[in-house]
Every structure is written in structure tokens, then in C-alpha cells.
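K.L.:
Handing you a structure now.
The values are calculated or read from the model by the stated rules, or taken from the named source; none is laboratory data. Just so we're clear, the structure is a prediction, and the values are computed from it rather than from any experiment. Quick reminder, even Gly has a Cβ in these numbers, built from the backbone with ideal geometry, and neighbours come from all protein chains shown. Surface areas here come from the heavy atoms of the whole protein model, side chains and all, with no ligands, DNA or RNA. Shrake-Rupley method; radii C 1.70, N 1.55, O 1.52, S 1.80 Å.
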Amino acid sequence: MSELIVDNFAGGGGASTGIEAALGRPVDYAINHDPAAIAMHRVNHPRTHHLTASVWDVNPQLLAHGRPVGMGWFSPDCTFHSKARGGKPFRDRKLARRRRGLAGIVPRWLSATRMKWFFLENVEEFADWGPLLPDGRIDPKRRGMLFRRWHRRIEDLGYRIDMRELVACRYGAPTTRKRLFVIGKRSDVPGEIVFPEWTHGPERGLLPYRTAAECID
């Protein structure tokens with residue numbers, strides 16, 4: 001209980017709900033710049049301390065106040081990575097660069113707190129993160145360059161990283177949403193990075209897929 005758990009980019013509280021289910025205790029801090037998101041998170045997680053602020057304005061060392069950080073969760077904005085945009089150019093390139101660069105908060109936290117574990121969730125196209133052309137489109141010749149640089153920076157801080165694309169319906173959620181999950185652990189921390197086995201699907205021994213229809217009243 002002495003180790004802090006921090007949910008960055010906290011929305012309504014779905015990630016925090018999963019963390020609490022896994023660890024049996026509430027998340028210590030939730031951070032989001034949006035008052036509406038923090039209000040929803042506060043309703044769902046009343047025992048968590050909430051900060052309505054940009055993640056860049058929060059000083060990790062001051063927040064931890066000398067306590068070790070056991071785990072950090074990061075779900076940066078995926079709007080300017082997602083293929084759901086249909087390959088359209090970004091009209092505001094400065095905004096696009098700022099949003100696409102939000103994952104840079106991860107090495108900042110790792111460097112400042114030396115947290116044991118971190119988890120990042122984003123769209124699968126996050127791995128294609130690279131520079132933009134003058135028209136705002138992704139430079140195809142440098143696709144993934146910034147992601148690889150980000151990956152190396154975290155490794156240079158002494159962390160091991162593994163990542164997988166997981167499909168939500170394989171784990172009991174009534175949606176086929178696919179997301180990239182990046183898990184990192186400090187190299188001196190015991191244990192291995194293990195991703196969950198499928199629980200749902202057409203294969204023998206698995207539960208049947210859930211459907212959206214069963215959730216509609």
C-alpha cells in the first residue's frame with residue numbers, strides 16, 4: 001500500500017476499474033485536463049485523489065512526495081494516430097504534433113520516479129508514429145521513426161518493454177475493438193511481462209463471444 005498507482009489521461013475510469021479489480025485497491029491519483037472527465041472519474045472512484053490539470057503541468061516528483069511509484073497507466077489521445085481519420089491531413093499541424101507527442105509523458109515519469117511498471121494503451125497505428133510532411137500527412141519514408149526513438153529512450157532508462165495488439169472481444173468485451181498495449185518493467189524488478197490468454201472465441205474450451213445486443217435494454 002506504500003507504493004503509488006497513477007492513472008494518467010484518466011477518462012471515465014475504465015482503466016482504473018480494471019486496475020482496482022486486479023490489485024484489490026483503489027488507484028491513488030487520476031490526472032486529466034478535462035473537468036467533465038475528472039467529474040465522471042470521481043463518481044466511479046471516490047477514494048482516488050483527482051487532479052484537473054494537463055499531464056505536462058504535473059510534477060511527478062512533487063506528486064509522489066517521496067513515496068515509491070509502483071505502477072503508472074497511460075492512455076494518451078489517439079485521435080491523431082488513428083486510421084479512423086481516413087488519412088486526412090491535419091489542418092492544424094501544431095495541434096497534431098502536440099497530441100501525437102503526448103506519449104512523451106511516459107519517459108518523463110519513468111525518469112522522475114523510477115516506477116516499477118508502466119502500461120500504455122493506444123490504437124495500433126501508434127507504432128507508426130513519425131514526422132509529418134508539410135501538408136500535415138505522415139511522411140511514409142519515416143513512418144514509425146518517432147515511435148522507435150520513444151521505445152529506445154525508455155530502454156535507455158533501464159526498462160524492458162513488450163507489446164501486443166489485443167482484440168477486446170477475445171477477453172469478454174462485446175466489441176471487436178483492437179488496441180496496442182505496451183507493458184514495461186524496470187529491469188531490476190523481479191517477474192516477467194505476461195499477456196493474458198484468450199478467454200472468448202470460437203475455439204474449443206473458450207467462452208462464446210459476447211454481443212452488443214445482449215447489453216441493450
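K.L.:
For segment 1-75, give me every one of the strands (runs of 3 or more DSSP E) that falls completely inside it and has 1 or more residues that are over 15 Å from E121 (Cβ atoms), touching a His at 6+ places or on another chain (Cβ under 6 Å) and not polar (S, T, N, Q). Lay out the reasoning, then the answer.
P.N.:
On the way: elements: 4-8, 29-32, 49-52, 69-74.
Those strands (runs of 3 or more DSSP E) span 29-32.
K.L.:
For residues that are of a type in the set (A, V, I, L, M) and either exposed (fewer than 11 other Cβ atoms within 10 Å of the Cβ) or within 19 Å of the chain's Cα centre (by Cα) (or both), scanning just segment 183-206, find the one that is nearest to W117 (Cα to Cα).
P.N.:
At the first step, the residues of segment 183-206 found to be of a type in the set (A, V, I, L, M) are 183, 189, 193-194, 206.
Pick out the ones that are also either exposed (fewer than 11 other Cβ atoms within 10 Å of the Cβ) or within 19 Å of the chain's Cα centre (by Cα) (or both) and you get 183, 193-194.
Values: I183: 7, I193: 10, V194: 12 Å.
The qualifying residue nearest to W117 (Cα to Cα) is I183.
K.L.:
While we're on this one: Please determine, by comparing only the residues of segment 130-182 that are at negative phi and touching a Phe, Trp or Tyr at 6+ places or on another chain (Cβ under 6 Å), which one is most open to solvent (accessible area, probe 1.4 Å). Full working, then the answer.
P.N.:
Let us first name the residues in segment 130-182 that are at negative phi, namely 130-135, 137-143, 145-157, 159-171, 173-182.
Filter once more, so that each one left must be touching a Phe, Trp or Tyr at 6+ places or on another chain (Cβ under 6 Å): 146-147, 164, 166, 169-170, 180.
Details: L146: 45, F147: 12, R164: 112, L166: 31, C169: 17, R170: 31, L180: 10 Å².
Filtering segment 130-182 for residues that are at negative phi and touching a Phe, Trp or Tyr at 6+ places or on another chain (Cβ under 6 Å), the one most open to solvent (accessible area, probe 1.4 Å) comes out as R164.
K.L.:
How many of the residues making up segment 188-217 are part of a helix (DSSP H, G or I) and under 30 Å from R149 (Cα atoms)?
P.N.:
In the first step, residues of segment 188-217 are kept if they are part of a helix (DSSP H, G or I); the result is 212-215.
Still in the running and under 30 Å from R149 (Cα atoms): none.
Total satisfying the criteria: 0.
K.L.:
Something else now. From (1) in contact with a helix residue (DSSP H, G or I) (Cβ under 9 Å, 6 or more places away or on another chain); (2) closer than 30 Å to C215 by Cα, pick out the condition that doesn't hold for A173.
P.N.:
(1)
K.L.:
Let me ask something else. Looking at segment 118-150, which of its residues are β-branched (V, I, T) and closer than 28 Å to I19 by Cβ?
P.N.:
First, pick out the residues of segment 118-150 that are β-branched (V, I, T): 123, 138.
Residue satisfying the conditions is V123 alone.
K.L.:
With respect to the numbered conditions (1) loosely packed, with under 13 Cβ neighbours inside 10 Å; (2) touching a residue at least 24 places away in the same chain (Cβ under 8 Å), which one is the sole condition not fulfilled by G24?
P.N.:
Result: G24 passes all but (2).
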